[in-house]
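Working notes, structure below.
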Amino acid sequence: MGLTIGLSAALLWGVALVWAGRHGGGRAAALRRDLLAGGGLALLVLGFFWRTLSGDVYQPADGGDLVSFLFPTYRFAARELAQGTLPLWNPYLYGGAPFIGDIQAGFLYLPNLLLFLIRPAFDYRALQGMVIGHLVWAALGMYLLLRTLTWPDGLGERAAVRPAALLGGLAFALSDPLLIHLGNLNLIAVLSWLPWVMAAYARGLATGRLGWLALAGLLFGLANYAGHAQSSLYIGLALGVYTLLWALAQRPPISRLAWAIWVGGRLLTVVALAGLLTAPILLPALQLTRYTERSAFTYQDTVAFSLAPTQLIGLLTPGFFGRGPALHWGLWERVELPYIGVAALWLALAGMPLATPERRRRLWPWVGLALFGLVTALGIYALLHGWLTLLLPGFAQMRAPARALVLWSLAASVLAAVGLDTLLDRARLATPGGRGWLAALRQGGRLLAGVVLPLSYLALLLTQGNETSFLRASVAALALTLATLFWGGVWAAAAGYRAGWWDAPVMAGLLVGLLYVDLAAAGAYTDISSTDPTRGFHHPEIVAFLRQDPEVFRIDTRTEIEGLWQPDAAALAGLEDVGGIANPLALAHGRAQWEATGGRQTRLYDLLNVKYVIVRDGTPLPEGKFEPAFDAPGELAVYRNADFWPRAWLVHEARTAADIPAALTLIQTAEFDPAATVVLAGSGENFFPFGAPTPAVGTESATLTGAGSNRLTLAVEATAPGFLVLSEVWYPGWQAMVNGEAVQVIPANGALRAVPLPAGQSVVELRYAPHLWRWGLLMALAALAGMAALVVLDRRGPRSR
């Protein structure tokens, strides 16, 4: 799959080159050179991952979220789409969960959708290819941004030269805030659009053209569908912070108030368009948040995975505390680091002192954005993050403040590219700022080589008697050695250039080459393994045994077998599980239902429709209730629950509780008999549309006759009015029809569902059709109409600055 992506990218670039070549003129020639530079940039990023693309290794080694969550989730979505079903509900995990509400599902994201429709049975390597493809997209987006932004020089305004844009693309795409998340496709996918959005938005601000604002909103909305809310929030923050600082740096020809309204209106236009376009997934996601554990997050929860001040050494080297999880050490969590490469760091620092006053004024918004991202990433170690949790809706439910470093990477990459562009004017090195920059580079190199590096080697000698300390000292010494070498390389390139030993093109090539080798040495082979991370899904004998059972049932894999059985394997195999991967977006009342069972020996556990439990060989289970059903090859065994409860049953006595927690309390009492009584949660309105329940007077039945991800159909025969209770997780959006008449779906026995029934034969149909999903579709159509209107107005109206 990786090779396919590489060949496809090469083909697209080839077509673009041919097109540019057949259209003469200066603009076509410039476009052709940009396409060549962009093609080279894409090949460099693909070359960075050559071992992964060749199929030699897997990266990250354990697969991370890519294998444990996204692979089974995406395969479920692809399977449903191939069958002509839009998967709004996922019946295979957690006893059922709202799929459209889990913004991480990403099944409406255009690249994912194309993959799902073209190749529904894609393998895991396809997702690795998608990750790398999005890093290529991030690099190209940064190149475009740098070729879009213009800067003053002696002859007017111009964009950064192509080598500088190429360097910025490498620095951003291969920076640590992205590279550390190779196992998190949705995060990388959203952030890969960040420079594209910024390019369109910056163009819109600079020209006053509404069409560019419409394009920025469209790109922002497309990015959001990849499904990582925190990354989407950081795109919004990038737009907001940049807008504020850009507005302050301008010299407006109108009053400050009118200027604030003009600029603020542009920002609100883009954010509103993106929000409306994303509404089909955003509205269900906002609803889901109220029902998840994340809604109860405290500030202490949100600051987990903050960037510790000691980890700011990551500006210089990402490996001091160990780059991959296998070698990481220290009291701090392994988080993103502000590493963009030594060459890029020094070029970013060169931008301001070497720039002319007018160019320096234009750089301040990017300096401010870089510092904003760096300080926000400190989380609990700085006040700014805490203020943002109070000021920004939803920010308090986002963990891992260190992820804000992507704003640092974006802005620092812009500064590095502008720094190189400025540096290529050799005369700038003769200015006081240029001389000071070279002096700082030289003195810093001396400090590293003459003091820090010898001390690190001394630590190696002193720690040889302790294996753990020696390993840590070795990791740190290696990191510092590499940093010193690349630091020296940057100084040598700059000193030689100032002395006239080589010209500007060679200087640019040296620095781009140094950066690429630096980033590759620090990250290309980090956290790789030849062991297939999908092995936890490979249990064909167990899956075949479970599938041959014609009854409707669930399995229970919440038995601490994560090392042998992937928690979300049921979604991949088409089995229904009461468990799943640990997910902060799992329904809180579903988890409360599980905890209320009191263990596998209870009748409340049986209500979950669990027929089979998968355990390690020798794991004790309640005697007399579970019997061996299948001894699978390897370390796993399947046990049958002799007392398992059906998926649906009828009762003729009802009690009410104020809410789901109160209902869970009632069902844990000794008096509760699930075969005769149902506890309904709510006010009681419309609970009895067919009259009060009366005792049964004969044989009754409830048979599941049809099922899909979003629907259930049952044939029921009741001798008296009562309730159909389903071992299905309740959630808003489920609708029921009894013999064609709409009735309420009621929370029952805690987090399950109940439907009122009349006496006699009935056909009960349940379908998941949330109103917010439909409203979101209408809002998305309105956004597209608004974008079209902006384009029309842009073509007809004046182009004011």
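The values are calculated or read from the model by the stated rules, or taken from the named source; none is laboratory data. Predicted, not measured: the structure shown is a model, and the values here were computed from it. Here the Cβ positions follow ideal geometry from the backbone for every residue, glycine too, while neighbour counts run over all protein chains shown. Just the protein is used for accessible areas: all its heavy atoms, side chains included, with ligands, DNA and RNA removed. Shrake-Rupley method; radii C 1.70, N 1.55, O 1.52, S 1.80 Å.
Structure summary
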{"read-out": "Residue pairs meeting the criteria (Cβ under 9 Å; at least 6 apart or on separate chains; first buried (at least 17 other Cβ atoms within 10 Å of the Cβ), in the stretch 28-42; second part of a helix (DSSP H, G or I) and acidic (D, E))", "value": "none"}
{"read-out": "Scope the stretch 501-511; condition touching a residue at least 12 places away in the same chain (Cβ under 8 Å) and either open to solvent by 20 Å² or more (accessible area, probe 1.4 Å) or of a type in the set (D, E, K, R) (or both); matching residues", "value": "A504, P505, G509, L510"}
{"read-out": "Residue within the stretch 579-602 that is polar (S, T, N, Q), surrounded by fewer than 18 Cβ atoms within 10 Å (Cβ to Cβ), more than 16 Å from H539 (Cβ to Cβ) and touching a residue at least 12 places away in the same chain (Cβ under 8 Å) present", "value": "yes"}
{"read-out": "Check on G217, touching a residue at least 40 places away in the same chain (Cβ under 8 Å), assigned to a loop (DSSP other than H, G, I, E, B) and closer than 27 Å to I100 by Cβ", "value": "no"}
{"read-out": "Pair list, Cβ under 7 Å, 6 or more apart: the stretch 642-670 residue within 28 Å of T719 (Cβ to Cβ) and outside any strand (DSSP E or B), other residue open to solvent by 40 Å² or more (accessible area, probe 1.4 Å) and modelled with pLDDT under 90", "value": "H652/T694; H652/P695; H652/A696"}
{"read-out": "Residue match in the stretch 350-373 (condition: open to solvent by 50 Å² or more (accessible area, probe 1.4 Å), part of a loop (DSSP other than H, G, I, E, B) and closer than 19 Å to I188 by Cα)", "value": "no"}
{"read-out": "Among (1) open to solvent by 10 Å² or more (accessible area, probe 1.4 Å); (2) under 20 Å from R399 (Cα atoms); (3) among the polar types (S, T, N, Q) - the single one T207 does not satisfy", "value": "(2)"}
{"read-out": "The listed residue being over 30 Å from G706 (Cβ atoms) and among the β-branched types (V, I, T), out of V475, V552, V543", "value": "V475"}
{"read-out": "The stretch 676-725 - residue that is within 20 Å of P747 (Cβ to Cβ) and out of contact with any strand residue (DSSP E or B) (no Cβ under 7 Å at 6 or more places or on another chain) and, of those, least open to solvent (accessible area, probe 1.4 Å)", "value": "A692"}
{"read-out": "Every residue from the stretch 146-178 that is touching a residue at least 12 places away in the same chain (Cβ under 8 Å), of a type outside the set (S, T, Y) and surrounded by fewer than 17 Cβ atoms within 10 Å (Cβ to Cβ)", "value": "P152, D153"}
{"read-out": "The stretch 734-754 residues that are without any contact (Cβ under 8 Å) to a residue 24 or more places away in the chain, paired with ones that are aromatic (F, W, Y) and open to solvent by 10 Å² or more (accessible area, probe 1.4 Å) (beta carbon under 8 Å, 6 or more apart)", "value": "V745/W730; V745/W734"}
{"read-out": "Selected residue [touching an Asp or Glu at 6+ places or on another chain (Cβ under 6 Å) and small (G, A, S)] from G319, G275, G324", "value": "G324"}
{"read-out": "Options L257, L239, L222, L268; residue that is hydrophobic (A, V, I, L, M, F, W, C) and at pLDDT below 95", "value": "L257"}
{"read-out": "Among the residues listed as A247, A343, A285, A258, the single one being crowded, with 21+ Cβ neighbours inside 10 Å and closer than 30 Å to W212 by Cβ", "value": "A285"}
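One line per residue, one yes/no per condition, for (1) surrounded by 16 or more Cβ atoms within 10 Å (Cβ to Cβ); (2) among the hydrophobic types (A, V, I, L, M, F, W, C); (3) farther than 30 Å from P60 by Cα:
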| site | (1), (2), (3) |
| --- | --- |
| R442 | no, no, yes |
| L462 | no, yes, yes |
| G496 | no, no, yes |
| G513 | no, no, no |
